[in-house]
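Here's the structure, in C-alpha cells; my notes come after.
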Amino acid sequence: KIEEKKKLYVPYNILPLDPESTDQAIMQNPEIQAAVYALRNIRGLPWPKDKEQEKKQEKKPDEKKTDRDLLDWLQAMFGFQKDNVANQREHLILLLANVHIRQIPKPEQQSKLDDRALDYVMKKLFKSYKMWCKYLGRKSSLWLPTIQQEVQQRKLLYMGLYLLVWGEAANLRFMPECLCYIYHHMAFELYGMLAGNVSPMTGENVKPAYGGDEEAFLMKVVTPIYKVIEEEAHRSKTMKSKHSHWRNYDDLNEYFW
C-alpha cells in the first residue's frame, strides 16, 4: 500500500508542489502562484544533453508528471542533491511569496511576481556576499543580462544557487567567508554557462570546476573541506598540543578573506 501511495503523492513540508496538488487551498494563493510561475520560467536555458533527452522521452503511464523549474536546472548543471533541491525550492517560494504579498501599493497583477519583492529578498540574501567582495576589492559575480525579459530569471538563478550551496554546506556554515568564496566562483561559472562561454582549458562549454555530476557538489566541494576540519578536531582531542598548534573553524575560514 505504501508503494501504491508513493505513485499518488509526493512528500513535502509546507507546499505540495506536485502538479496533482494544484487545487489545494494553499496553492491557490496568488502570492504562492506568482513565485511558482516565476521559478518555472526555464525558457532559453541550456540543458545538459542527457537531461534534454529525458525531457523529450515519452512519459510512462505510471510516472508522475513533473514541471521543471530553475532549481531543477541548477541541480542538473551543478550536481546538487535531490532533497536539498526540494527543500530550497520551497524555501525560496515562501521567501518571495511573503514579501510579494506585503508590497504597497499592491502589485497590479497578483499572480505575477513583483520585481520589488524579488529585489528585496535578493538584497537581504546577498548582503554578506557583497560585503565580502567589497572587503577583498573584487567585483561580485552577480552579472545581469541586458535583455530586460531575462533579468528576473537571472536573479532567481543566482538566488537559487546561493540557497542550494547553503543547503548542502553542513558545518561549513560556521565558515561564512568560505561559503562566499565557493559561491563567488560558482556564480561566475553560472554566468559562463548562460553566456555560452568556452573553457580555454578544455575547448568545451563552461562547466563547474568539480564536474557537476550527480551529487558532485557534496562529494567534491563540501566533503574535502569538512574532512580537513574533522582532522583538526581529532588532533585537538587526541594530541595534547597547545591551542595554537591546531586550527579551528575561524583559522580555516581566514584562508578565504
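FYI, it's all coordinate maths here, none of it is from the lab. Note that the structure is a prediction, hence the values are computed from the model and not measured. In this analysis, Cβ positions are derived from the backbone assuming ideal geometry, glycine residues included, and neighbour counts consider all displayed protein chains.
Net charge in the neighbourhood of residue 103 (other residues with Cβ under 13 Å of its Cβ; Lys, Arg +1, Asp, Glu -1) is -1.
Give me the one-decimal Kirkwood hydrodynamic radius in Å for the chain, with the sum taken over alpha-carbon pairs. Don't skip to the answer; put the middle values down first.
Values: mean 1/r = 0.0491 Å⁻¹.
In the chain this quantity evaluates to 20.4 Å.
Principal-axis analysis of the Cα atoms of the chain puts helix 176-195 at an angle of about 50° to the longest axis.
Strictly over 23 Å apart at the Cα level, which of 139/220; 82/207; 155/220 would you flag in this model? Table pairs above 23 Å Cα-Cα are 139/220; 155/220. Counting only alpha carbon atoms, the long axis of helix 151-168 and the longest principal axis of the chain meet at about 50°.
Summing charges over all other residues whose Cβ lies under 11 Å from the Cβ of residue 207, with Lys and Arg as +1 and Asp and Glu as -1, gives -3. Considering only 136, 170, 184, and ranking their Cα positions along the charge dipole of the chain that arises from unit charges at the beta-carbon of Lys, Arg, Asp and Glu, the one farthest toward the positive end is 136.
Give me the percent relative contact order of region 75-181, please, defined on Cα pairs under 8 angstrom at least 6 residues apart. Kindly include the intermediate steps, with their values, before the conclusion.
Details: 59 pairs, mean separation 33.5, N = 107.
RCO, region 75-181: 31 percent.
Compute the distance from the alpha-carbon center of region 91-119 to that of region 201-216, in whole Å. Cα centroid to Cα centroid, the span is 34 Å.
Build a GNM of the chain with springs between Cα atoms under 10 Å apart, and of 36, 221, 198 the one that fluctuates most is 198. When the chain is treated as a Gaussian network with alpha carbon springs shorter than 10 Å, the biggest mean-square fluctuation among 147, 14, 42 belongs to 147. Nearest 10 degrees, 0 to 90: what angle lies between the long axis of helix 223-238 and the longest principal axis of the chain (Cα atoms)? Taking Cα atoms only, the helix is inclined about 40 degrees.
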